[in-house]
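Asker: Have a look at this one.
The values are calculated or read from the model by the stated rules, or taken from the named source; none is laboratory data. This is a predicted model, so every value here is computed, not measured. Heads up, the Cβs are rebuilt from the backbone with ideal geometry, glycines too, and the neighbour counts pull from every protein chain shown. Ligands, DNA and RNA are excluded from the accessible area calculation, which covers all protein heavy atoms including side chains. Shrake-Rupley method; radii C 1.70, N 1.55, O 1.52, S 1.80 Å.
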Amino acid sequence: MKDLIKLANLPISDEQAKSLESAFSETLEVFKNLTDLDISQTEPTNQVTGQENVLREDKIDEDRMLTQSQALQSAKHTHEGFFVVPRLIDEK
Amino acid sequence: MKNNLHKLTLKKALAQIQSGETTAKKIYADCFSQIEAGNKDLNVFLSTNSPTSMKQFENPETTLQNCPIAVKDNICIENEVTTAASTVLEDYKPAYSATLIDNLKLHGGAVIGKTNLDAWAHGSSTETSQFGRTLNPRNPKYLPGGSSGGSAAAVAADMCTAAIGTETAGSIRQPASWCGVVGLKPTYGRVSRYGVIAMASSTDSPGPITKTVEDAAIMLACLAGHDSKDGTTTNQAVPDYVSLLQKSISGLKIGIMYQDIPGLKIANPYVLAAAKVLESLGAKVELVNALDPKYAVSVYTIVQRAEVSSNLARFDGIRFGNDRSYFGDEARRRILLGTHTLRKGYAEKYYQVAQKTRTLFIEDFSRLFSSYDVLISPTSPSFAEPIGASEDSVMFGELADMLLEPSSIAGLPGISVPCFHDEKTNLYLGLNIMAPAWREDLVLQVAHAYEINTDWNSWRKDNND
């Protein structure tokens, strides 16, 4: 569970993790019924529209661009026109 | 002075505006009075636009003629707070609007407010909203369903003329059923998802929640169509849903699903009664066998959690919103489960198996639609559940939506129309009508024929329809 919490990037205390764990096992239990069905010859479905290779021209569409101030407008922490991000390296 | 204009169906409102009998401004004001009177108790809207803030009444030459429309709060509107009912986004103002909002405004819809939902649209009760639960306006001791519970409640309480919700697997149809209104889930790809806060990207389908089937047809025509910003929308033409409603259902072949599934003792008899009505209108109805929906619950739960864990990874508090410590328990559970079913060593056991089983459901529907034009089932196993019911079970939502999950994972269109009213509790049951992909015209046609030949719709009398 600890690894999973780290992988999911969720700040959860040990106590909270415990309470989430029982719900977790309960849900996994439900999935067991999938072993009833024969899927040995079945292809997976990743999308249902049947569309393939929906591409756009490799051209900048200015209608969809945000200005720098629009892009930054909802950020809690900015610095001289940039997003402030948590330190990732050299934290000891 | 209040003129009871909030009770008008969309069709009637448009007719009265057109004839000069009333104005959109007056209708908007009456709906807003309903919000002012009821929202404190029912908690339907998370934000509202007062009549004085509206500048949109000057554009009458449009389909919707500035009628007041409620919008689920997981749909982005430029520079208006859009929360997805989570404190992560409590003050988030998007820099752009969803395509469906652009379409709505282009067609003259006036957004009267943003409605409550299960946080991130995770749930079927509207109880997981981090801004408090919504109550069912038909009977406030009961839940409105969800996740589009606020939109369904807004329609049921006459706080708008029509509303917009989103459905991943049941989130339009189930609250419509519980609130005694009409909910249409379009084919996946019929209405653009651009600007809708992503939940499960492979099934998310925005659509209308309305007072009548005809209103749903009017609304869908305004929302549907290709969007270059959403690669899953297609170029195919949007039919004239409103005129197609008038087509007779005589000769249509209708399959009745799930009569053999245990636990449907309450809802199933009313589906058979509805089938009799359709039969009397010339349709040929038959019981059919279908793949057990219990497998769809597993497929949907795995696929949905996996897509949730990926989609919610972007909420890191850097570019917008608060940090990840603000997620509620339901979102945490879903993120963790999705992360688990996608992680190395487990993806083959869960995610791959679910995607293959999903194919079995698509094949099963193809088989059924080779013999039947439409399929019907209960929308929900039962009536609205009492307040607090979702807190008892982690699988509450999936069980409430069990009968809708098969058609949702297959991407098919479906509509829920009221098919019974319990006078004691004032609660409703819904009839779910499904058709092959892109055939919203068929579900609307059958639903309309059923609606106008029965007395379950609570607006028909008032509106002399």
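Asker: How large, in percent, is the carbon and sulfur part of the accessible surface of chain B at a probe radius of 1.4 Å?
Answerer: Its accessible area is 49 percent carbon and sulfur atoms.
Asker: Using only atoms on other chains, find how many Cβ atoms lie within 10 Å of each Cβ of peptide B:328-337 and report the average.
Answerer: For this peptide, the per-residue mean of nearby foreign Cβ atoms is 5.
Asker: With solvent modelled as a 1.4 Å probe, how much accessible area in total do chains A and B shield from it at their shared surface, in Å² to the nearest 100?
Answerer: Heavy-atom accessible area buried at this interface is about 4500 Å².
Asker: Let me ask something else. I want the local charge near B:Ala410. Using Cβ-Cβ distances under 10 Å, sum +1 for each Lys or Arg and -1 for each Asp or Glu among the other residues.
Answerer: That works out to -2.
Asker: Please name whichever of A:Gln68, A:Ala8, A:Leu55 sits farthest to the positive end of the charge dipole of chain A, dipole taken about the Cα centre and charges placed at Cβ: Lys and Arg +1, Asp and Glu -1.
Answerer: Looking along the dipole axis, the top candidate is A:Gln68.
Asker: Shifting gears a bit: Indicate, rounded to the nearest 5 percent, the antiparallel portion of the DSSP beta bridges found entirely in chain B. All intermediate terms of the calculation are to be shown ahead of the outcome.
Answerer: On the way: 28 of 43 bridges.
Antiparallel: roughly 65 percent of the beta bridges in chain B.
Asker: Now a separate question. With bins 10 Å wide starting at 0, give me the P(r) of chain B over every alpha carbon pair, in whole percents.
Answerer: Computed distribution, short to long bins: 5, 23, 35, 26, 10, 1, 0.
Asker: Are there any residues in the range A:45-91 with a reduction of at least 40 Å² in accessible surface when going from the isolated chain to the assembly of protein chains? Probe 1.4 Å, please list them by number.
Answerer: Residues losing area: A:Thr45, A:Asn46, A:Val48, A:Thr49, A:Gln51, A:Arg64, A:Gln73, A:Ser74, A:Lys76, A:Phe83.
Asker: Let me ask something additional. For the range B:285-383, just say rounded, prolate or oblate: build the C-alpha gyration tensor, square-root its eigenvalues into a ≥ b ≥ c, call rounded for a/c under 1.5, and beyond that prolate if a/b exceeds b/c, oblate if not.
Answerer: Working: a/c = 2.97, a/b = 1.99, b/c = 1.49.
It comes out prolate by the Cα gyration axes.
Asker: Rounded to whole Å, give me the distance from the Cα center of the range A:40-92 to that of the range B:182-217.
Answerer: Here the answer is 24 Å between Cα centres.
Asker: What is the spread of the Cα atoms of the range B:412-465 along each of their three principal axes, largest first, in whole Å?
Answerer: 37, 24, 13
Asker: With the cut-off at 31 Å, tell me which of the pairs B:Lys40/B:Lys265; B:Lys229/B:Lys284; A:Lys18/B:Lys349; A:Lys32/B:Lys93; B:Lys211/B:Lys253 have Cα atoms farther apart than that.
Answerer: B:Lys40/B:Lys265; B:Lys229/B:Lys284; A:Lys32/B:Lys93
Asker: In terms of Cα to Cα distance under 18 Å, which lysines are near enough to B:Lys424, apart from those fewer than 8 places away along the same chain?
Answerer: Here the lysines satisfying the reach criterion relative to B:Lys424 are B:Lys141.
Asker: Is there a quick way to get the dipole size of the protein assembly as shown? I mean about its Cα centre, with the Cβ of Lys and Arg at +1 and of Asp and Glu at -1; what is the value in debye to the nearest 20? Write down the numbers at each step before the final one.
Answerer: Numbers: 54 positive and 67 negative charges, 73 e Å.
Around 360 debye, computed over the protein assembly as shown.
Asker: Please list B:173-180, B:27-34, B:203-210 highest first by mean number of surrounding beta-carbon atoms within 10 Å per residue.
Answerer: Result, highest mean first: B:173-180, B:203-210, B:27-34.
Asker: Over chain B, give the accessible area per residue in Å² for a 1.4 Å probe, as an integer.
Answerer: Here the residues of chain B average 33 Å² of exposed surface.
Asker: Right, another one. Nearest 500 deg cm²/dmol is fine: what mean residue ellipticity at 222 nm does chain B get from its DSSP H runs of n ≥ 4 alone, each adding -39,500 (n - 2.57), divided by its residue count?
Answerer: -10000 deg cm²/dmol
Asker: Between the DSSP loop rule and a limit of at most 14 other Cβ atoms within 10 Å, which trypsin sites (Lys or Arg not before Pro) in the range A:1-85 are left? Write down the numbers at each step before the final one.
Answerer: Working: sites: A:Lys2, A:Lys6, A:Lys18, A:Lys32, A:Arg56, A:Lys59, A:Arg64, A:Lys76; in loops: A:Arg56, A:Lys59, A:Lys76.
Within the range A:1-85, the qualifying trypsin sites (Lys or Arg not before Pro) (loop, at most 14 other Cβ atoms within 10 Å) are A:Arg56, A:Lys59, A:Lys76.
Asker: Something else about it: Taking a ≥ b ≥ c as the square roots of the eigenvalues of the Cα gyration tensor of the range B:338-429, is the shape rounded (a/c under 1.5), prolate (a/b larger than b/c) or oblate?
Answerer: Judged from the Cα gyration tensor, the range B:338-429 comes out oblate (a/c at least 1.5, b/c at or above a/b).
Asker: Continuing with the same structure: Let a ≥ b ≥ c be the square roots of the eigenvalues of the Cα gyration tensor of the range B:376-465; is it rounded (a/c under 1.5), or, if not, prolate (a/b larger than b/c) or oblate? The partial results should precede the final answer.
Answerer: Numbers: a/c = 3.09, a/b = 1.13, b/c = 2.73.
Here the range B:376-465 falls in the oblate category.
Asker: Same structure, new question: How about the range B:292-349: which chymotrypsin sites (Phe, Trp or Tyr not before Pro) there are in a DSSP loop, with at most 15 other Cβ atoms within 10 Å of their Cβ? Provide the component values of the computation, followed by the final result.
Answerer: Numbers: sites: B:Tyr295, B:Tyr300, B:Phe315, B:Phe320, B:Tyr326, B:Phe327, B:Tyr346; in loops: B:Phe315, B:Phe320, B:Phe327, B:Tyr346.
Answer in residue order: B:Tyr346.
Asker: Moving on. Mind checking the mean number of beta-carbon atoms from other chains within 10 Å of the Cβ atoms in B:315-326?
Answerer: On the way: counts 1, 3, 5, 8, 9, 7, 3, 1, 4, 5, 3, 1.
For peptide B:315-326, the averaged partner shielding equals 4.
Asker: Ok, one more. Along the positive direction of the dipole of the range B:323-460 (beta-carbon charges: Lys, Arg +1; Asp, Glu -1; about the Cα centre), which of B:Tyr350, B:Pro406, B:Ile452 reaches farthest?
Answerer: Farthest towards the positive pole: B:Tyr350.
Asker: May I ask for the net charge around B:Pro239, where only other residues with Cβ less than 15 Å from the Cβ of B:Pro239 are counted and Lys, Arg are +1 while Asp, Glu are -1? The partial results should precede the final answer.
Answerer: Working: positive: B:Arg190, B:Lys247, B:Arg439; negative: B:Glu214, B:Asp240, B:Glu440, B:Asp441.
Net charge in that neighbourhood comes out at -1.
Asker: Once the Cα gyration tensor of the range B:1-147 is diagonalised, what are the square roots of 5 times its eigenvalues, in whole Å and ordered largest first, as equivalent ellipsoid semi-axes?
Answerer: Rounded to whole Å, the semi-axes are 26, 19, 12.
Asker: May I pose another question? Keeping all protein chains in the complex and leaving out DNA, RNA and ligands, what accessible area do you get for B:Lys141 with a 1.4 Å probe, in Å² to the nearest 10?
Answerer: 150 Å²
Asker: How large is the direction-averaged shadow of the alpha-carbon convex hull of the protein assembly as shown, in nm²? Working shown, then result.
Answerer: Working: hull surface 106.1 nm².
Dividing the Cα hull surface by four gives the mean projection, 26.5 nm².
Asker: Percentage of Cα-Cα pair distances in chain A greater than 16 Å, rounded to whole percent?
Answerer: 80 percent
Asker: Over the whole of A:29-39, what's the average partner chain Cβ count within 10 Å per residue? Rounded to a whole number, please.
Answerer: 6
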